[in-house]
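Written below as structure tokens is the structure these notes are about.
The values are calculated or read from the model by the stated rules, or taken from the named source; none is laboratory data. Owing to the predicted nature of the structure, the values given are computational and were not obtained by experimental measurement. Here the Cβ is made from the backbone with ideal geometry for all residues, glycine too, and neighbour counts use every protein chain on show. Heavy atoms of the whole protein, side chains included, go into the accessibility calculation; ligands, DNA and RNA do not. Shrake-Rupley method; radii C 1.70, N 1.55, O 1.52, S 1.80 Å.
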Amino acid sequence: MKKLLFALFIFAALSSCERNKIYEDIITKHEDGSRKEVRYYRIDKDGSKTCIRETWYYMEGMKHLDGPIVNDKRNGRFESYYKSGNLLSTGEFVDGVRTGKAVVYHENGNIHYEGNYENGKEVGIWKFYDEEGKLLKEVNRDLK
């Protein structure tokens, strides 16, 4: 009886580990065959795949874009990077639509421009800066 209970415990533990494992699915590749667009999945209790993250890579292997997926749509903070690894931009998504603050950086880390999105459209005042951080101009996107 103890052996049977032990075997059941091991089986349950292994099944649980398998469900918590993250799987990589390469969606597209670069011309050289390296991964370009990758989706990361987990296997749910019912055996179905649920996408939890989207990551894009440069041909050289560095991360280009990364963020969470919920219900097969971008949801949460996405970040993109220069090939150097420095942060290029940040932005928020809700149900696959850009919303909230977006910031794009110069490679030196200073802000290049920033503004807000509502329902996927640029709104309000967008500010543009030079590489040293000096404000160059402001554009009111509501006046288009």
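Tabulated data
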{"read-out": "Rounded to 10°, Cα long-axis angle of helix 2-20 versus longest principal axis of the chain", "value": "20 degrees"}
{"read-out": "Scattering curve values for the chain, log₁₀ I(q)/I(0), Debye with Cα scatterers, q = 0.08, 0.13, 0.17, 0.19 Å⁻¹", "value": "-0.36, -0.74, -1.03, -1.14"}
{"read-out": "Heavy-atom accessible surface of the chain: percent carbon and sulfur, 1.4 Å", "value": "54 percent"}
{"read-out": "Loop-located chymotrypsin sites (Phe, Trp or Tyr not before Pro) in region 74-118, at most 15 other Cβ atoms within 10 Å (DSSP)", "value": "Tyr82"}
{"read-out": "Extension gain, Trp126 back to Asp72 (0.36 nm per residue minus Cα-Cα distance, nm)", "value": "16.5 nm"}
{"read-out": "Average accessible surface area per residue within the chain, 1.4 Å rolling probe, Å²", "value": "68 Å²"}
{"read-out": "Built amide H within the under 5 Å cut-off of Val70, gap 5+", "value": "Asn75"}
{"read-out": "Cα gyration tensor category, rounded, prolate or oblate, for region 90-144 with a/c compared to 1.5", "value": "oblate"}
{"read-out": "Theoretical ellipticity at 222 nm over the chain - DSSP helices of four or more residues, -39500 (n - 2.57) apiece, nearest 500", "value": "-4500 deg cm²/dmol"}
